[in-house]
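What follows is a short report on a single structure.
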Amino acid sequence: MSLSKEDNENILDKLFQKYMKNLQERPVLTKACTSGAISFLSNIISQKIAPNPDGKIAWRSVAAYTSFGFFITGPLFHNFYLLLDKLFPRKDKMAPMKNQDIAKMIIFDRLVLAPPYLLVFLYAIAILELQLGWFEHKKLMSSANMSDDETASPILIGQGTEVAMKRVKATFWTILKMNWRVFTIVQYINFRYVPIKYRVLFGNVIALFFSIYVAVKRRQTPVGK
């Protein structure tokens, strides 16, 4: 039995109300789940845009992006926006923010947070992908009677750090410049018009498209260049 348009609208409305309730009662967990879901979706889409040679989804990459979104991005930006409000307080919370205060918040966000965040993001994703790839390889080779040394984790033997740093060097500056171009405008809108409890959600919606760009750029950039 198909649902009517009114039934579909009721379901969506109930889901939205439940989400907003969780956002109010469990802000960190809700934002973590949202960031994880956005990261999951963006990586899947990026692999459709720039597919692997075999055409299959690299689930280790999906897991790496999703994990970083859930454990780092959501909680980090929740607390970062709270910090900004403390660093740049407003006397009248109901009045619109002054442009000079918005400018200070944007400069702090763009110069203090964005560079180290992207650096950690690119490095962590590379390390997670390598380690998860090793787990897949070890599982496949478990019946081949190989010694522990032959199947040692690239992270434990030091190769992972070297490869991860090459990936970071190959993409960091290009991605940072694009981040500055896109999110400077986004953050102006965010700080100017969006209530603090919705800022991570607003940023996540835009981040869906930016994350697709980042994932595609990483996949198209050879290591070592």
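The values are calculated or read from the model by the stated rules, or taken from the named source; none is laboratory data. For clarity, every value in this text was computed on a predicted model and none was experimentally measured. As a convention, Cβ positions derive from the backbone with ideal geometry for all residues, glycine included, and neighbour counts pool all protein chains shown. Side chains are part of the model used for accessible areas, which takes the heavy atoms of the whole protein and leaves out ligands, DNA and RNA. Shrake-Rupley method; radii C 1.70, N 1.55, O 1.52, S 1.80 Å.
Listed values, structure above:
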quantity: Meets criteria (open to solvent by 70 Å² or more (accessible area, probe 1.4 Å) and either of a type in the set (D, E, K, R) or part of a helix (DSSP H, G or I) (or both)) for D85; calculated: no
quantity: Sole residue being modelled with pLDDT of 85 or more and within 17 Å of A58 (Cβ to Cβ), chosen from A124, A114; calculated: A124
quantity: Residues that are open to solvent by less than 20 Å² (accessible area, probe 1.4 Å) and of a type outside the set (F, W, Y), drawn from segment 53-72; calculated: A58, S61, V62, A64, G69
quantity: Candidates A50, A32, A37, filtered to the one that is small (G, A, S), open to solvent by less than 40 Å² (accessible area, probe 1.4 Å) and within 13 Å of the chain's Cα centre (by Cα); calculated: A32
quantity: Filter pass, Q24 being assigned to a helix (DSSP H, G or I) and open to solvent by 20 Å² or more (accessible area, probe 1.4 Å); calculated: yes
